[in-house]
Every structure is written in C-alpha cells, then in structure tokens.
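**Q** Before I ask anything, here is the structure I am working with.
The values are calculated or read from the model by the stated rules, or taken from the named source; none is laboratory data. Predicted, not measured: the structure shown is a model, and the values here were computed from it. Cβ coordinates were reconstructed from backbone atoms using ideal geometry, including for glycine residues, and neighbour counts include every protein chain displayed.
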Amino acid sequence: MQLLQALVGELGSRATLKLFADADHSFHVPARTGRKDSEIMAELLDALAGWIEMTIPRAVKR
C-alpha cells in the first residue's frame, strides 16, 4: 500500500486514491467488521460521484 500511496503522491493532482477501510480487492468486508458490503458500495459510489463532479466540468446552460 505504501508504494501505491507514494506513487499517487508523486502524480499530484493527476491522481486520486480513496481507501475503503476493511474492504478487500472485491470491496467485500468480513462480517467481523460489523460493516456490510452495501455500505462499502455506497461509500464507493459517493466517492466516485465526488470525483466525477470534481473532474468533469458541467455543461454550461445557455
């Protein structure tokens, strides 16, 4: 994880890294965490929506 974080740091504003606590590479969380996969997916979708809002300019209404 440290290598990935270092790379994202070097890329600066060209890269974004969002970590999802307790989730594995498939965004599954073990039952012992008390979290549900659906919570991770909601967090992921919120992060994605925020990234899209920040990255893609809105069309200007005329």
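**Q** For region 40-62, give me each residue that is of a type outside the set (Val, Ile, Thr) and either assigned to a loop (DSSP other than H, G, I, E, B) or in contact with a Lys or Arg (Cβ under 7 Å, 6 or more places away or on another chain) (or both). Even if it seems obvious, please write down each step before you answer.
**A** Taking region 40-62 first, the residues of a type outside the set (Val, Ile, Thr) are 41-51, 53-54, 57-59, 61-62.
Matches in region 40-62: 47, 57, 58, 59, 61, 62.
**Q** Answer yes if at least one residue in region 23-39 is part of a helix (DSSP H, G or I), at negative phi and among the β-branched types (Val, Ile, Thr), and no otherwise.
**A** Restricting attention to region 23-39, the residues satisfying the condition of being part of a helix (DSSP H, G or I) are 31-33, 37-39.
This time we only want the ones that are at negative phi, so: 31-33, 37-39.
If we keep only those that are among the β-branched types (Val, Ile, Thr) as well, we get 33.
So far as region 23-39 goes, yes, one or more of its residues are part of a helix (DSSP H, G or I), at negative phi and among the β-branched types (Val, Ile, Thr).
**Q** Of the conditions (1) under 15 Å from the mean Cα position of the chain (by Cα); (2) modelled with pLDDT of 95 or more, residue 32 clears all except one; give me its number.
**A** Looking at each condition in turn, residue 32 falls short on (1).
For (1) charged (D, E, K, R); (2) surrounded by fewer than 11 Cβ atoms within 10 Å (Cβ to Cβ), each residue gets a yes or a no:
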position: 3; (1), (2): no, yes
position: 16; (1), (2): no, no
position: 19; (1), (2): no, yes
position: 24; (1), (2): yes, yes
position: 32; (1), (2): yes, yes
position: 50; (1), (2): no, no
